[in-house]
Each structure stands twice: as structure tokens, then as C-alpha cells.
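Student: Before I ask anything, let me first share the structure, which is written out below as C-alpha cells.
FYI, it's all coordinate maths here, none of it is from the lab. Quantities reported herein were computed from a predicted structural model and do not represent experimental measurements. Neighbour counts run over all protein chains shown; Cβ positions are idealised from the backbone, glycine included.
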Amino acid sequence: MLHLLWLQWGCTLTDGTIINLEEFEGRSVSFQCSHRLAGSNNKYFCKDPCKGKGDKLLTVEPGRRAESGRIALVDSGDGSFTVTFSNLQLSDSQKYWCAVDRPGFDTYVEVQLTVKKGMCIIQSVGLYILFTKIKMPIV
């Protein structure tokens, strides 16, 4: 069932799905966006409000891969595509949209990304594991 969301500049077709993601800065996040009857359509990833060409971050053709900067899209050819966002920054925390280019109205899935400040203890644990693998004593 598709829902209509009335926004300031018109309406948006969405199935009501919201993808909520949390990850630490400097890391990567991957997620899948699924759309019905979209196997032969171009898909795109955009920042909110996703209303103009300036909001589109990347477009992928059916069955292909596209990459620009820290974002990669891989279209599976069955209506879904995978988004990978690398080297996350705190400023990446915002609302995005996974979308399908369709005649008439495009369809959208909302993505809410929250990037959290990294913690030093994680780096210390990683360093400890590195030293134990090469059998060096930790002083």
C-alpha cells in the first residue's frame, strides 16, 4: 500500500517504510532499499527534501553499479538496490531518500542516518588486538 505524503512543494509516493541507521564517524554503513515493480527503472539516492537535481547524490541504472565520492549504489536488477556510505562524518547525519525514477510520480523510501562521535576506547581495543596477533607484549 502506498501512502501520499504532502510536502511543501507537492506530494511524494512512499510505502511508509523508514530505514533508521546509526553508525560511528569514520566507519561505513550499507543498507538495502526495496521497491516493487522497479527492476527496469533507474534508482537514485538523494538528500532531503529530494526535490531538485541538486539534492540527487547518485543515480544507478538497472543491474549496474555507480560510485561517486563516499557513496556507492549497486542495483540488483529485481527492484532493490544497496547503498554504501563510506567514511561517515558527523555532518552526514540527516534524512535521505532512496528513490525510483518512474513515469509520473517517483517512489521513495525514507532513510534517517545518525552518525555518532567515535570513542577512543574502541581504538585502544583495536590496538590491543593488533599487538596480540603479532605476539608483542603490551607495556
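Student: Count, please, the residues in the range 75-98 that happen to be within 11 Å of the chain's Cα centre (by Cα) and closer than 13 Å to Leu58 by Cβ.
Tutor: 9
Student: In the range 24-68, what residues are loosely packed, with under 14 Cβ neighbours inside 10 Å and under 12 Å from the mean Cα position of the chain (by Cα)?
Tutor: Within the range 24-68, Ser28, Ser30, Gln32 meet the criteria.
Student: Sort out which residues of the range 83-100 are in contact with a Leu (Cβ under 7 Å, 6 or more places away or on another chain) and within 22 Å of Arg36 (Cα to Cα), and write them in order of number.
Tutor: Those that are in contact with a Leu (Cβ under 7 Å, 6 or more places away or on another chain) and within 22 Å of Arg36 (Cα to Cα): Val83, Tyr96.
Student: While we're here: Do any strands (runs of 3 or more DSSP E) entirely within the range 27-76 hold 1 or more residues that are at negative phi and either touching a residue at least 40 places away in the same chain (Cβ under 8 Å) or of a type in the set (S, T, N, Q) (or both), and if so, which?
Tutor: 29-34, 43-47, 56-60, 65-68
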